[in-house]
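J.: Have a look at the structure that comes next, please.
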Amino acid sequence: MRMKKDPKLSFYKPDYESELRIPFIPDGVSAGFPSPAADFMENNIDLNKELSENPLATFYIKVKGNSMIDAGINDKDVLIVDRSIEPQDNKIAICFIDGEFTVKRIKLEKDCLYLMPENSNYTPIKVTEENELIIWGIVTYVIKKM
């Protein structure tokens with residue numbers, strides 16, 4: 001997956017002009033009993049387009065740290081984030097709070113907002129009126145090395 005770096009934000013924008021075509025087998029692979037191959041049908045896929053429902057509002061960001069490991073988000077994973085999705089309870093979001101970016105799960109309670117880590121070694125962040133908070137976007141996919 002080719003990405004263009006945005007030096008002002010240290011985020012990455014999808015490169016929709018790339019002509020890179022990756023072989024893709026659309027019938028999937030069995031995770032249970034083996035299934036006969038359907039003539040090894042092969043197409044091409046462009047992950048920049050496939051993983052982005054709204055290209056103008058999509059960006060990538062690399063994770064630093066392990067506060068979200070119980071949500072399957074590890075250090076050095078790449079997150080695909082859509083800024084057009086409305087933030088809501090229980091969604092994982094890229095947040096800009098008090099001058100720093102973080103990835104956390106949104107938790108809405110009556111008259112209160114928390115940014116929740118998914119690692120018991122970290123404490124939730126209670127957002128108060130003293131905090132400056134911007135929800136940059138909602139995480140839609142995680143790309144990780146196995």
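J.: Every residue in the range 111-146 that is among the small types (Gly, Ala, Ser) and under 20 Å from residue 70 (Cβ atoms), please. Show your work before the answer.
T.: Residues of the range 111-146 that are among the small types (Gly, Ala, Ser), as a first pass: 120, 137.
Residue satisfying the conditions is 120 alone.
J.: Going residue by residue through the range 83-98, is there one that turns out to be in contact (Cβ under 8 Å) with a residue 60 or more places away in the chain, under 30 Å from residue 15 (Cβ atoms) and assigned to a loop (DSSP other than H, G, I, E, B)?
T.: No, that holds for no residue.
J.: Got a number for residues in the range 44-102 being in contact with a helix residue (DSSP H, G or I) (Cβ under 7 Å, 6 or more places away or on another chain) and buried (at least 16 other Cβ atoms within 10 Å of the Cβ)?
T.: Within the range 44-102, residues that are in contact with a helix residue (DSSP H, G or I) (Cβ under 7 Å, 6 or more places away or on another chain) and buried (at least 16 other Cβ atoms within 10 Å of the Cβ) number 2.
J.: Same structure, new question: Considering 117, 87, which residue is in contact with a Ser or Thr (Cβ under 6 Å, 6 or more places away or on another chain) and not aliphatic (A, V, I, L, M)?
T.: Within the list 117, 87, the selection yields 117.
J.: For the range 125-145, does any single residue satisfy the condition of being surrounded by 12 or more Cβ atoms within 10 Å (Cβ to Cβ) and touching a Ser or Thr at 6+ places or on another chain (Cβ under 7 Å)?
T.: The answer is no, given that none of the residues of the range 125-145 is surrounded by 12 or more Cβ atoms within 10 Å (Cβ to Cβ) and touching a Ser or Thr at 6+ places or on another chain (Cβ under 7 Å).
J.: Given the structure, is residue 108 without any contact (Cβ under 8 Å) to a residue 24 or more places away in the chain, under 22 Å from residue 64 (Cβ atoms), part of a strand (DSSP E or B) and hydrophobic (A, V, I, L, M, F, W, C)?
T.: no
Every residue, every condition in (1) at pLDDT 90 or above; (2) assigned to a loop (DSSP other than H, G, I, E, B); (3) among the acidic types (Asp, Glu); (4) closer than 30 Å to residue 123 by Cα, yes or no:
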site: 19; (1), (2), (3), (4): no, yes, yes, no
site: 28; (1), (2), (3), (4): no, yes, no, no
site: 38; (1), (2), (3), (4): no, yes, no, no
site: 66; (1), (2), (3), (4): yes, yes, no, yes
site: 102; (1), (2), (3), (4): yes, no, no, yes
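The values are calculated or read from the model by the stated rules, or taken from the named source; none is laboratory data. None of the values given here were measured: they were computed from a predicted structure. Positions of Cβ are backbone-derived with ideal geometry, glycine not excepted, and every protein chain shown enters the neighbour counts.
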